[in-house]
Amino acid sequence: MMGMRKIKNILLVDGYNVIGAWPELRLLKEKDLSLARDRLIDIMAEYKAYTGYDVIIVFDAHLVEGRGKRERAHRIDVIYTNKNETADERIEKLVRELKRVDTRIYVATSDYTEQSLTFGSGALRISARELLIETQMMEKGIDNEVKKTQKRPFSTPLPLSDEIAEFFEKWRRER
């Protein structure tokens, strides 16, 4: 009997659609589009680290130089479409290329046409707003883990009296 294959999760992100839908990124975009792109890439890199999903962000070429290129930033793929290709078209193509029995593909977009096309080709959709909520919950989860780690009392495998442990803790803090 063969073992169960682990499902691989892939998140395809319509970059400019998400930037336009997230308040923080929309404000950054008004100042500098490249800052908004970089911030989205940073957030999605954290998302990848936290969830284990493969993340691919697709940006439309008409808004950026270096069209048609693919780069790796913080262990996620960033694709700039070709001159006459939209992010929607590239995402549809990626869904077809990446779809396998052991792969679950999510497409993050609030573009209704793209949502129905990707859904029809077997991908699962997640709206830009749902993705924003997920990333906010992820950030809270990371913050809580950090706080738990910081609150952990000093411990040692040696049996120490409370008095001596307190002495060492004061000494450690003064250093």
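Details
- Qualifying residue in segment 104-112 (condition: at pLDDT below 70 and either open to solvent by 100 Å² or more (accessible area, probe 1.4 Å) or out of contact with any strand residue (DSSP E or B) (no Cβ under 7 Å at 6 or more places or on another chain) (or both)): yes
- Cβ separations smaller than 6 Å between residues 6+ apart or across chains give the following pairs from segment 39-66 residues that are among the β-branched types (Val, Ile, Thr) and modelled with pLDDT under 90 to residues that are buried (at least 21 other Cβ atoms within 10 Å of the Cβ) and not in a loop (DSSP other than H, G, I, E, B): Val64/Tyr80.
- Hits in segment 1-42 - residues which are among the aliphatic types (A, V, I, L, M) and assigned to a helix (DSSP H, G or I): Val18, Ile19, Ala21, Leu25, Leu27, Leu28, Leu33, Leu35, Ala36, Leu40, Ile41
- Pair list, Cβ under 9 Å, 6 or more apart: segment 76-87 residue part of a loop (DSSP other than H, G, I, E, B), other residue modelled with pLDDT of 90 or more and open to solvent by 60 Å² or more (accessible area, probe 1.4 Å): Glu85/Lys93
- Count of segment 68-87 residues which are on the phi < 0 side of the Ramachandran plot, of a type outside the set (A, V, I, L, M, F, W, C) and modelled with pLDDT under 80: 4
The values are calculated or read from the model by the stated rules, or taken from the named source; none is laboratory data. This one's a predicted model, so the numbers in the text were calculated from it and none came from an experiment. Cβ atoms come from the backbone with ideal geometry, glycine included; neighbour counts cover every protein chain shown. Areas reflect the complete protein model, heavy atoms only, side chains present, ligands, DNA and RNA absent. Shrake-Rupley method; radii C 1.70, N 1.55, O 1.52, S 1.80 Å.
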